[in-house]
Amino acid sequence: MFQFVPRWSIRSALLCLLAATGGLSLLPVSGHAARARHKPALVVATMDSRLEQAQNAAFFQPFARMSGQPVIHRVWHGTVQELDTHGLHADGRGAWSLVFTDDSTIRAACVQGLVVHLAGSTTNPDGCGVPGLTTQVVVAWDRAWSGTAPRWADFWDIVRFPGKRGLRHDPRTTLEIALMADGVPPDDVYNQLATAQGVDRAFRKLSQLRPYITWWSTPAEAASILEHGQVLMSSAPGDAVRTIAPARRDTIGVNADMALSYGLSWGVVAGQSAEQLGQSRNLLHFIIQPDRQAAFLGLYPASVPDPGHQGRVLPVDVQFWQTHYAALSRRFDTWLRNAT
């Protein structure tokens, strides 16, 4: 599980995405679509405002112009509960068509029948979503106080490095970070989290830092608290850090050693009418085309591997979170309520 790898490449993610769609049975975009009138809009929920803007320009607007099919896009927090509310159990108006979020959320939604099973492939054997992007949660910090990159253990050292810390408002990645900060070797993190003792250890470590934590829920929020100096250091998706305004971004350092790598995927929401389902699949087919992907990469900041600073990466275990997310999420919520 613990790998020595370079920082992720959006181009390599694109290759995985295209490979994953090899077995999909997607409908071609019909020429009659452009002549259709009064079509219900497709509603696409994606991860944060900056990512949404790039996806809108590269995918949603061109598809609407070409097909005559209106597309509405919005930001969500990527939870199964939210998807359930806007999918199978939506009131019909404003029901979602496509979602873009963490692989672990897509997998959990797939198991519960909230997204459509698509044809599988070697890179996507269970057909739960189509890969769209890979990112890493890194340590990001304000260079004004130190030119030396902090590690997760330093993240907890309030005495040497006083100041606020940013962490994701979710057990995913946050519990892994807590264990690594407590000295658990990365290749043993999920073995520990699979036990009651390991979970207790992670929450004890979080409790030590609790008064100093500023929580973020979306990549844009992670970037914002860094950009506005609200935290001394934060866990943050590397691509989100690269969206910070250039004048401020130069003062933000990134340490990708012991980063957590995870994927984000597209899911087709279950419960749509046959006509809407066909249009949703048409939009997904449009999104994965090479020219659309190239347009997206031109708008959204890609990672540029740094040969001199190749970090060790812990891939987020999607199967682990598919099994344990519900229980650990309840434990996390209880801990938040009871923390003093």
Item checked: Lone unmet requirement of (1) touching a helix residue (DSSP H, G or I) at 6+ places or on another chain (Cβ under 7 Å); (2) over 20 Å from Arg330 (Cα atoms); (3) at pLDDT 90 or above for Asp142 -> (1)
Check: Within the range 248-278, restricting attention to residues that are over 23 Å from the mean Cα position of the chain (by Cα) and within 28 Å of Ile158 (Cα to Cα), which residue is modelled with the highest pLDDT?
Finding: Thr251
Notebook entry, point to check: With (1) modelled with pLDDT of 65 or more; (2) of a type outside the set (Gly, Ala, Ser); (3) open to solvent by 50 Å² or more (accessible area, probe 1.4 Å); (4) under 27 Å from Ala256 (Cα atoms) as the list, and Met1 as the residue in question, which single condition is left unmet?
Noted result: (1)
Margin query: With the condition being modelled with pLDDT of 95 or more and surrounded by fewer than 15 Cβ atoms within 10 Å (Cβ to Cβ), I'd like the helices (runs of 4 or more DSSP H) fully within the range 5-72 carrying at least 2 qualifying residues.
Written below: 61-67
Next item on the list: Could you tell me whether Ala149 is open to solvent by 10 Å² or more (accessible area, probe 1.4 Å), touching a strand residue (DSSP E or B) at 6+ places or on another chain (Cβ under 8 Å) and among the aliphatic types (A, V, I, L, M)?
Entry: yes
Note to self: With the requirement that a residue be touching a Gly at 6+ places or on another chain (Cβ under 7 Å), within 16 Å of Glu82 (Cα to Cα) and open to solvent by less than 40 Å² (accessible area, probe 1.4 Å), what does the range 264-291 give you?
What the structure shows: Trp266, Gly267, Val269, Ala270
Note to self: Considering only residues that are open to solvent by 30 Å² or more (accessible area, probe 1.4 Å) and either farther than 22 Å from Ala220 by Cα or touching an Asp or Glu at 6+ places or on another chain (Cβ under 8 Å) (or both), which ones fall in the range 162-190?
What the structure shows: Pro162, Asp182, Gly183, Pro185, Asp187, Asp188
Item checked: Options Thr101, Thr85, Thr134, Thr122: the member that is in contact with a Gly (Cβ under 9 Å, 6 or more places away or on another chain), within 30 Å of Leu284 (Cα to Cα), modelled with pLDDT under 90 and not in a loop (DSSP other than H, G, I, E, B) -> Thr134
Next item on the list: State which residue is least open to solvent (accessible area, probe 1.4 Å) when the search covers only the range 191-241 and only residues that are more than 25 Å from Ala149 (Cβ to Cβ), polar (S, T, N, Q) and in a loop (DSSP other than H, G, I, E, B).
Entry: Ser217
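The values are calculated or read from the model by the stated rules, or taken from the named source; none is laboratory data. Note that the structure is a prediction, hence the values are computed from the model and not measured. Positions of Cβ are generated from backbone atoms using ideal geometry, with glycine treated the same way; all protein chains shown enter the neighbour counts. Quick note on the areas: whole protein, heavy atoms, side chains included, nothing else; ligands and nucleic acids left out. Shrake-Rupley method; radii C 1.70, N 1.55, O 1.52, S 1.80 Å.
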